[in-house]
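Just so it is clear, none of the values below were taken in a lab; they were calculated from the coordinates. As the structure is a prediction and not an experimental result, all values here were calculated from the model. No Cβ is skipped: glycine too gets one built from the backbone with ideal geometry, and neighbour counts run over all protein chains shown.
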């Protein structure tokens, strides 16, 4: 599984996952929020549900096979954060990325993988600071450079093959991943392994009373050495996310050249 947004080479572009003006859209429970008309057409309703994500003020979670993550996007302060944990019986990794434009801090814990390696203790339990002016073509340092939604659900919904409304705010259908680019499940190797199955990937989605996307689940069948799995994204706190804070100075060291290389596309 690959999420191209917020890509970092060290985790094979797993991070996920737009620099547009933000505004307060209100929370789902806000009595003062005016609910827009939700399109009757199921596909149009889902496409419209992603518009609030472009405002860049929300929290999110992601779960998949051997991986969990959560984060916040706060475009009003040009800040974002994502933490992830992943691994299996052979490899584990914890990852924390903080971005407050123009700076980025990243903390990576590779478990026992680097045990005993010279210099490994320098970065243990520390955030590495990456200076944008030294990053060159390391475009992955700016999560806002290509969109505020780490999964780019809008791109995925454009590839919908069929969809129907199954309940109040609930939808299900299939999506042709071979026709989708830059979204939550568009890893080229996986799509190639899926073959014809990639043209009809089952999904479910939920939207709130204001028509905003709150949940997206894609059921990816087994492909090659990859097990069948569900990839689940949730979105919440529209318009009420909080600005991300810098890590404490005593927990920060300057990044080395290897870390900068991780972020190069």
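At-a-glance table
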{"read-out": "Potential lengthening between residue 254 and residue 91 on full extension [0.36 nm per residue; Cα-Cα distance subtracted]", "value": "56.1 nm"}
{"read-out": "Inter-label distance, nm, simple model (7 Å from Cα along the C-beta direction), residue 70/residue 219", "value": "2.7"}
{"read-out": "Stokes-Einstein D for the range 162-265, Kirkwood Rh over Cα pairs, 10 °C, 1.306 mPa s (µm²/s)", "value": "94"}
{"read-out": "Segments 190-203, 247-260 sorted - mean Cβ within 10 Å per residue, highest first", "value": "190-203, 247-260"}
{"read-out": "Contour excess over end-to-end distance, with Cα ends at residue 199 and residue 162 and 0.36 nm allotted per residue", "value": "12.2 nm"}
{"read-out": "Which of 129, 99 has the fewest Cβ neighbours within 10 Å, and the rest in rising order", "value": "129, 99"}
